[in-house]
Amino acid sequence: MTDTTLPLRNNEGFLENAGDWNRDVAVAIAGEDGIKLDEKHWEIIEFLRDFYSEHEMSPPSNRLFVKAVKESLGEDKGNSIYLMQLFPGTPAKTACRIAGLPRPTNCL
Amino acid sequence: MTTLIVIDQAPYGSWSGREALDMAFSLAAFDQPVSLLFCDAGVNWLRQGQQATELGQKTVEKNLAAAPMFGVEAILADGPACQRYGLDDSNLLAGVTRVEAVEPIIARHTDVLFAG
Amino acid sequence: MTDTPNTHTLHLLNKAPEHSRFARCLQSLQPGDSLVLMENAVLALANSGLSLPEPCYALQADVRARGLSTLNGRHTLIDYQELVQLTADNPRIISW
């Protein structure tokens, strides 16, 4: 999948229309950050998408992202080092972008 | 030293409550103890079955359901206001504690912040 | 309110006198409490129908912005630094 086939996105790379998301889109967005998605990534992506459908929001900050993962998947995964390794940069922002969710409101 | 955030305004009509919720989540993110108290028309935040998509807004009921996961200590509701607005066990969100009066709750907190 | 702890409270009030929370704030004042009028609440200084408690502070920037600095009253004008000092001096704060 090349850039030209990716759906419309904002200036930070977040999808304009949530409905445009699918697994291929996720793979392509991750590829831009040099991330090759494996089952560890997918577990977090699915967690985030479930979180969004339940709460109608992305975790609003990185700390709350870590906290929410910890509540749901335990301390092994709900810690910044683990999430930073999977989603470099600001994990909440990177992961939400790949998961096709809105930008976390309080992430710089 | 729990901060009490008081939401006394109805949802959807203004952004004040949403901003307060954001503040509560931010305090929780930094492990600062925080509780929410809904009173007056603010108790309408706590009604089951809200659907705000036609307003182009997110449903506060669903946003609020994330509060315990984020570490918000308690969600309290003004009992008499609940009664006025027809909120009882059958239609109140899970995890909400109704209190008989708000004044004693406010009095026992050292940091109290009204939303908006 | 029998279980009110005996601590002095600083009330930060930013609502105009017609706002329901303005009355609610004044009603809740206890002896020893202090009141700071800020933002639209400083309009109370121009409202002759209101009796304000003492001590009553008013934020100078908001008073000046609304052209109310020539008003006489028993209120004390404070700047932002003095406001910070008040928040540090009082054990309990309610932001109305």
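In terms of its alpha-carbon gyration tensor, the range A:50-108 comes out oblate; a/c meets the 1.5 threshold, while b/c is at least as large as a/b. Between the helical axis of C:80-89 and the longest alpha-carbon principal axis of chain C there is an angle of about 10 degrees. Shown here for chain A: trypsin sites (Lys or Arg not before Pro) in loop regions (DSSP other than H, G, I, E, B) with at most 11 other Cβ atoms within 10 Å, namely A:LYS36. A helix-only calculation puts chain A at -15500 deg cm²/dmol for mean residue ellipticity at 222 nm, using -39500 (n - 2.57) for each DSSP H run of at least four residues, averaged over all residues. Residues whose amide H comes within less than 5 Å of that of B:THR59, counting only those at least five positions distant or on another chain, are B:ALA52 (H built at 1.01 Å from N in the peptide plane).
Starting from the Cα of B:GLU100, step 7 Å along the direction of its Cβ; do the same at B:MET1; then give the gap between the two resulting points in nm. Here the answer is 3.2 nm between the modelled labels. Taking label points 7 Å from Cα along the Cα-to-Cβ direction, C:ALA65 and B:GLU73 give a separation of 3.3 nm. What the Cβ-Cβ distance of C:ALA88 and A:ASP24 gives, at R0 = 45 Å and to the nearest 0.05, is a FRET efficiency of 0.20.
Candidate cross-link partners of A:LYS40 among the aspartates and glutamates, defined by an alpha-carbon separation under 13 Å and a same-chain spacing of 8 or more, comprise A:ASP76. The relative contact order of chain A comes to 31 percent, based on Cα pairs under 8 Å that sit 6 or more residues apart. For a test of the definition: using alpha carbon positions, the gyration tensor, and the 1.5 limit on a/c, classify chain B as rounded, prolate or oblate. The shape class here is oblate. Taking amide hydrogens as placed 1.01 Å from N in the peptide plane, the amide H of C:HIS75 sits under 5 Å from that of no residue at least 5 positions away in sequence or on another chain.
Rank these residues by their accessible area, most exposed first, probe 1.4 Å: A:ASP33, B:ASP89.
On the way: A:ASP33 70, B:ASP89 130 Å².
Per-residue accessible area, sorted high to low, gives B:ASP89, A:ASP33.
Give the cross-link partners of B:LYS58 among the lysines, using a straight C-alpha distance below 29 Å as the criterion and excluding same-chain residues fewer than 8 apart. Answer for B:LYS58, where 29 Å is the Cα cut-off: A:LYS67, A:LYS70, A:LYS77, A:LYS93, C:LYS15, listed by chain and number.
In units of the rule-of-thumb radius 2.2 N^0.38 Å, the protein assembly as shown shows an alpha carbon radius of gyration of 1.19. Shown is the FRET efficiency for A:TRP42 and B:ASP89, computed with R0 = 45 Å from the Cβ-Cβ distance and rounded to the nearest 0.05: 0.70. Karplus-based coupling profile of the range B:86-92, in residue order and whole Hz: x, 9, 9, 4, 7, 9, 8, with θ = phi - 60° in 6.51 cos²θ - 1.76 cosθ + 1.60 and x standing for Gly or Pro. A simple spin-label model places the labels of C:THR76 and A:GLU75 5.0 nm from each other, with each point 7 Å out along Cα-to-Cβ.
Close amide H contacts of C:ARG92 (hydrogens built in the peptide plane, cut-off under 5 Å, sequence separation of 5 or more or a different chain): C:LEU10.
For the range B:49-56, putting each phi into the Karplus relation 6.51 cos²θ - 1.76 cosθ + 1.60 with θ = phi - 60° gives couplings of x, 6, 9, 9, 4, 5, 7, x Hz, in residue order, rounded to whole numbers and with x for Gly and Pro.
Residues in the range C:61-69 carry Karplus couplings, in order, of 4, 6, 5, 5, 4, 9, x, 10, 6 Hz; the curve used is 6.51 cos²θ - 1.76 cosθ + 1.60 with θ = phi - 60°, and Gly or Pro positions show x. Over chain C, DSSP H runs of length four or greater, each weighted -39,500 (n - 2.57), average out per residue to a 222 nm ellipticity of -7000 deg cm²/dmol. For chain A, the longest principal axis of the Cα atoms and the long axis of helix A:62-73 meet at an angle of about 70 degrees. Globularity index of chain C is 1.03 (Cα radius of gyration / 2.2 N^0.38 Å, N = number of residues).
The values are calculated or read from the model by the stated rules, or taken from the named source; none is laboratory data. Note that the structure is a prediction, hence the values are computed from the model and not measured. Here the Cβ is made from the backbone with ideal geometry for all residues, glycine too, and neighbour counts use every protein chain on show. Surface accessibility is based on the protein's heavy atoms, side chains included, excluding ligands, DNA and RNA. Shrake-Rupley method; radii C 1.70, N 1.55, O 1.52, S 1.80 Å.
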